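Written out below as structure tokens is the structure these notes cover.
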Amino acid sequence: MADKILAVKGMNDILPPASAHWEWLEQTLRTLMAGYAYRNIRTPIVEPTGLFVRGLGEVTDIVEKEMYSFEDRLNGEALTLRPEATAGVVRAAVESNLLYDGPRRLYYIGPMFRHERPQRGRYRQFHQVGAEALGFAGPDVDAELVFLACDLWAQLGLSGITLEINSLGQPAERQAHRGALIEYLSDHMDLLDDDAKRRLHSNPLRILDTKNPAMQDVVNGAPQLMTYLGAESVAHFNGLRALLDGAGVAYTINPRLVRGMDYYNLSVFEFVTQDLGSQGTICAGGRYDGLIEQIGGKSAPAVGWALGVERLLELLKEQGLLPEQPVPDVYVVVPSAQAGRQAASICRALRKAGADVQMHAATSQGQGSMKSQFKRADASGAAWAVILGDDELANGQVACKSLRVSQEQRMVEIADLATWWQEVRT
Ligand code: ATP
Ligand code: MG
């Protein structure tokens, strides 16, 4: 035998039965998005590398070390597997003029790629659901996006998810804070790790976001961006807070919440759980008023969030909230080769009536004894077995047997199977 070819490290197959949980979650999300009038957008997995370098900022974890970038072998174009989808959504919106001539509330579901060290809640191919509102300047849409996420947690029955918010102000305000921050950090050089030293002049704000326990004291004492905000930024932040307060949405203000991408300004927020260990951020987002212009569009405000599907599913599992596996309604028992010739058409008639039907595939699985076929019927989880006995078929009938406690059995005319199913379906 040839060597086995395995999946790429950090990239997972999503197989049944787990895939049913994905489908269920996706369906819940689509319904919720429709309820907020967010419309689905599907952008390419591969984008020009420049889109991310320009959109995310050169001194970000993603652009510095996490991107799967390659050269197109035919034309030398620099391409990248998307590490996130906001930049692609904005590119598409600009390219197709959605901001002035199309839906501006958008959502996506799909795979993202980042070359990170694989661990629980952190993969190299992972999936995000994202919501983006393009062309809206006010805190009302920031709040709308927060409510959207809160409604999702509530609908899924999740508990213990907390909301943290912060304001990153505007670039000029960040610039003023940056000077003070660099000065403060330079005074504590001996307490900084290598990453922080490297970022000191390129992206000092990101140092506040460090997960290194040894640096918590020094970053806690750092100058806070919040105190550098001008009146308009403060008004935007207070506007968001008032809307959250009015809706009874609890939150904490985390002055160290800065987010990974350069494109954020004003409101930023994260939904966090303690139930998943260190990868506890389920959903993160904020305002990115500068991105559209940076990507070549006419300047326009925007706000959005992205949630990690793997982490959300893990949390649902942790809290015992995943739905039961789907099972067929009916298992069709095929005791003879002769019955096999009618099996497919009977199954299709049942399906047309709305039943989910699993057929015993006699020529593939072997005829087997009735007993072994009933074992399979039981294992399938079906509520009913429909038995295609030769004698019954000769009379145009089949036997329908409940596999539940009742064990009820009755003869049904093949022509009446649809009516039978309407009667017994629960
Ligand atoms: P982290 O600080 O955990 O690396 P991030 O700031 O890089 O997160 P974002 O880019 O904001 O994350 O992505 C939004 C969400 O996508 C995260 O909150 C998380 O739930 C999920 N996510 C990000 N990276 C990964 C990954 N490598 N594997 C699985 N989920 C991820
Ligand atoms: Mg990251």
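The values are calculated or read from the model by the stated rules, or taken from the named source; none is laboratory data. From a predicted model like this one, the values you see are computed outputs, not experimental measurements. Positions of Cβ are generated from backbone atoms using ideal geometry, with glycine treated the same way; all protein chains shown enter the neighbour counts. Note: accessible area is taken over every heavy atom of the protein model, side chains too, but ligands, DNA and RNA are not part of it. Shrake-Rupley method; radii C 1.70, N 1.55, O 1.52, S 1.80 Å.
Observations, loosely collected:
- Ellipsoid semi-axes in whole angstrom, largest first, where each is sqrt(5λ) of the Cα gyration tensor of region 21-151: 26, 19, 14
- Evaluating 6.51 cos²θ - 1.76 cosθ + 1.60 at θ = phi - 60° for every residue in region 11-24, the Karplus couplings come out as 10, 10, 6, 10, 10, x, x, 4, 4, 5, 5, 4, 4, 5 Hz, glycine and proline recorded as x.
- For region 324-426, alpha-carbon Rg relative to the globular expectation (2.2 N^0.38 Å, N residues): 0.97
- Springs between Cα atoms under 10 Å define the GNM used for the chain, and in it the highest mean-square fluctuation of F113, F70, F271 occurs at F70.
- Cross-link partners of K9 among aspartates and glutamates, defined as those whose alpha carbon lies under 17 angstrom from its own and excluding same-chain residues fewer than eight positions apart: E66, E116, E310.
- Approximate spin-label separation I5-T227, in nm, with each point projected 7 Å along Cα-to-Cβ: 6.0
- Solvent-accessible area, 1.4 Å probe, carbon plus sulfur percent, for region 330-425: 48
- If R0 equals 56 Å, the separation of the Cβ atoms of A394 and Q216 corresponds to a calculated FRET efficiency of about 0.10.
- Here region 144-269 has 53 percent of its accessible surface on carbon and sulfur atoms, given a 1.4 Å probe and all protein chains in place.
- For the chain, the solvent-accessible area works out to 49 Å² per residue, with a probe of 1.4 Å and every protein chain left in place.
- Under 23 Å from the Cα of K197 - lysines, other chains or at least 8 residues apart: K65, K211
- If the Kirkwood radius is taken over C-alpha pairs of the chain, then at 10 °C and 1.306 mPa s the Stokes-Einstein diffusion coefficient equals 63 µm²/s.
- Alpha-carbon Rg with Dmax, taken over region 115-177, Å: 16.1, 43
- Close amide-amide hydrogen proximity is noted between Y68 and L81, H115, each under 5 Å apart and 5 or more residues distant or on a separate chain (H modeled in the peptide plane; Pro and chain starts excluded).
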